[in-house]
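Novice: Got a structure for you, written out below as structure tokens; questions coming shortly.
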Amino acid sequence: MIHFTPKTFTHNQTAEILAELNIAAAPDGLNLIAILDESVGGLDITQEKNTVTVRYDKPVYLYRALGLISEQREPEFHISESARFNTNGVMVDCSRNAVPRPETLRKLIRILALMGMDTLMLYTEDTYELPDEPYFGYMRGRYTQEELRSLDEYAMGFGVELVPCIQTLAHVNAALQWPVYHPITDIGDILLVDAPATYALIEKMISACRSAFNSRRIHVGMDEAQLLGRGKYYELHGDSDRFALMSRHLNEVVALCQKYNFEPMIWSDMFFRLANHGEYTCDSPIPPSAVKSIPKDVALVYWDYYQDEAAIYDRMLKAHLALPCPTIFTGGAWKWRGYLPLLQMSIRRTKMALASCVENGVRDVFTTAWGDNGADAGLFSILPVLQTQAELGFRDELSDTELSQRLKTCTGIELADFLQLDAASLFPEQGDFSDPHKGLLFQDVLLGLLDHHIPKDTVARYGEWSERLSSIVQTSGAYRYLFETAEALTQVLILKAELGVKIKSAYDSGDKAYLKKVAEEILPQLITRVETFRDRMETQWMEENKPFGFEVQDIRLGGLIQRLKTAAKRLREYLCGDLSCIPELDETRLPFGDAELGLPVSINHWSRTASASII
């Protein structure tokens, strides 16, 4: 145990960091001298006898230093770390149903400070308050201006910059569902370019961000608008040069950002897609004529979390650096493929991508934590990826041992335990996207859309995995709820993963004894396990998020429970002769798209596996 003198620490932020580290202040403790020194280029720690001197050039590095000091066991030591990036952080998705509670974000800010990460970006499509726009973020758990101001102030106390991330072109589908916004809708989730009302709304967005955030930086989105100009804009103006349309719109938004003293950044993919027939990571550069139309006062964010080849990162970074705008890179902490994160893949790709950034001189980086299709996975399930992102901000190489030590300091849990949440480890021989858990959870036991893609040893693997998770629950501290949720999910899949295949086989062979067992024993037990999983999910959701959005989990899991009850009912009716057949079981099972037979299919979209009908 290391003790620090009370006089050294008088502000609340440091006291909270000490609490995270379980370090107590004591009059006879270690004396710490903290010196803000911009020439350090990172941090420098020296302990001699009972005095520790920390020099650091960013306030957040002092908190990282406290964590490093707590790890030392020698009476004298020296640690020097040079920062490899100007800014390093994480973007949290606050728009895919899950809106993290302010208390959750405060906890994350403390963890980021301990890790030495200086940026937290809040991705809010419509989940922030706009004056005089009651339908913007309506019933979505939007942040109030006061909540954001309070978070911004709290983050600044730790040296963490809170950066607003909004959408000013596409990905505004939640807001555009309301009739009040139909006049400024081009097509789908895309705003109508050139319409004065569009820019009036965008100015409200930027003004609201200025009121809540102190940061000079703002992310204004503009990604994945492939249908730009193809809807109402086409009806009003006919065909148009979409590159010119994109550039004109961007210039308008940049001017609004400058009006409110913001330095904007955007996702870069639309410029590459428009120049290369819809492709992003391609060999063809943006034509010089198109480059001229890109505003120089906007940073381009190259986002990529898909590559396992360093050459692709290198090529794309060079293509960005050839443009007249600053380049930022973002990778991904994969929590958007279902209820469990893909940690090992995320860590591997983070290491590769950040090495490429250093090699190419890109000095601003962050990682994304999306929540596609309902934000099923817990936010804190990706802490090992954030720790990796943080450590590679100060070192060239990172071993699992080093990562585990730092993770233990900053979160209280070692890497090996966290990796038990990694669903990709279930079928590692099939590659990164072999995790089938969400599809197997929601596929109907009578319809069996994935029945051709369930390896024979699936149940055994889930059983082994469940035992490992159960053993970690007792020692997982503040993150116990993550492991309990994962363990409850595996208990469901032990019964359900192969059940549809077995029901179909028994029906085809006339094995009514097994069908009777399914109806009277297995399905009731499975329903109980799904109910337990639903309850664990509620605990996890309410621990991390505002209640809005959980209704989607209730609808999906409640629908699953009802379908299991329906399956039991139809089997009983068939067994007693009320039904001469079960048409769903009479249907021949087909492969799921072009997926290879016998191999697991990873599908994150609930509607794709719950039914072949339109939901």
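The values are calculated or read from the model by the stated rules, or taken from the named source; none is laboratory data. Computed from a predicted structure; not experimentally measured. No Cβ is skipped: glycine too gets one built from the backbone with ideal geometry, and neighbour counts run over all protein chains shown. Please note that ligands, DNA and RNA were not included when accessible areas were found on the heavy atoms of the full protein model with its side chains. Shrake-Rupley method; radii C 1.70, N 1.55, O 1.52, S 1.80 Å.
Novice: Go through region 212-237 and give me each residue that's open to solvent by 20 Å² or more (accessible area, probe 1.4 Å), out of contact with any Asp or Glu (no Cβ under 8 Å at 6 or more places or on another chain) and not hydroxyl-bearing (S, T, Y).
Specialist: Q226, E235, L236
Novice: Got a sec? Which of L590, L575, L564, L523 is under 35 Å from the mean Cα position of the chain (by Cα), farther than 21 Å from W336 by Cα and open to solvent by 50 Å² or more (accessible area, probe 1.4 Å)?
Specialist: L590
Novice: Then there is this: Out of all the residues in region 548-560, is one or more touching a residue at least 24 places away in the same chain (Cβ under 8 Å), open to solvent by 40 Å² or more (accessible area, probe 1.4 Å) and part of a helix (DSSP H, G or I)?
Specialist: Looking through region 548-560, none of the residues is touching a residue at least 24 places away in the same chain (Cβ under 8 Å), open to solvent by 40 Å² or more (accessible area, probe 1.4 Å) and part of a helix (DSSP H, G or I).
Novice: Hey, does region 473-482 have a residue that's assigned to a helix (DSSP H, G or I), more than 24 Å from K565 (Cβ to Cβ) and polar (S, T, N, Q)?
Specialist: Checked region 473-482: no residue is assigned to a helix (DSSP H, G or I), more than 24 Å from K565 (Cβ to Cβ) and polar (S, T, N, Q).
Novice: I would also like to ask the following. Name the single residue that is most open to solvent (accessible area, probe 1.4 Å) among those in region 109-159 being of a type in the set (D, E, K, R) and either in contact with a Gly (Cβ under 6 Å, 6 or more places away or on another chain) or in a loop (DSSP other than H, G, I, E, B) (or both).
Specialist: The extreme case among them is D132.
Per-residue answers, yes or no, for (1) out of contact with any strand residue (DSSP E or B) (no Cβ under 6 Å at 6 or more places or on another chain); (2) within 23 Å of L354 (Cα to Cα):
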| site | (1), (2) |
| --- | --- |
| E71 | yes, no |
| E74 | yes, no |
| F77 | no, no |
| S80 | no, yes |
| P100 | no, no |
| L108 | yes, yes |
| Y128 | no, no |
| E133 | yes, no |
| F136 | yes, no |
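Novice: Right, another one. Among the numbered conditions (1) in a helix (DSSP H, G or I); (2) open to solvent by 40 Å² or more (accessible area, probe 1.4 Å); (3) modelled with pLDDT of 95 or more, tell me where C209 comes up short.
Specialist: Answer for C209: the failing condition is (2).
Novice: Right, something else. Regarding V501, is this residue within 30 Å of F418 (Cα to Cα) and either touching a helix residue (DSSP H, G or I) at 6+ places or on another chain (Cβ under 8 Å) or assigned to a helix (DSSP H, G or I) (or both)?
Specialist: When the stated conditions are applied, V501 does not pass them.
Novice: For region 336-378, which positions are open to solvent by 10 Å² or more (accessible area, probe 1.4 Å), of a type in the set (D, E, K, R) and in contact with a Gly (Cβ under 7 Å, 6 or more places away or on another chain)?
Specialist: Within region 336-378, just R349 meets the criteria.
Novice: Could you list, in sequence order, all residues of region 286-309 that are within 14 Å of N251 (Cα to Cα) and of a type in the set (V, I, T)?
Specialist: If the condition is that a residue be within 14 Å of N251 (Cα to Cα) and of a type in the set (V, I, T), then V291, I294, V298 are the ones that fit.
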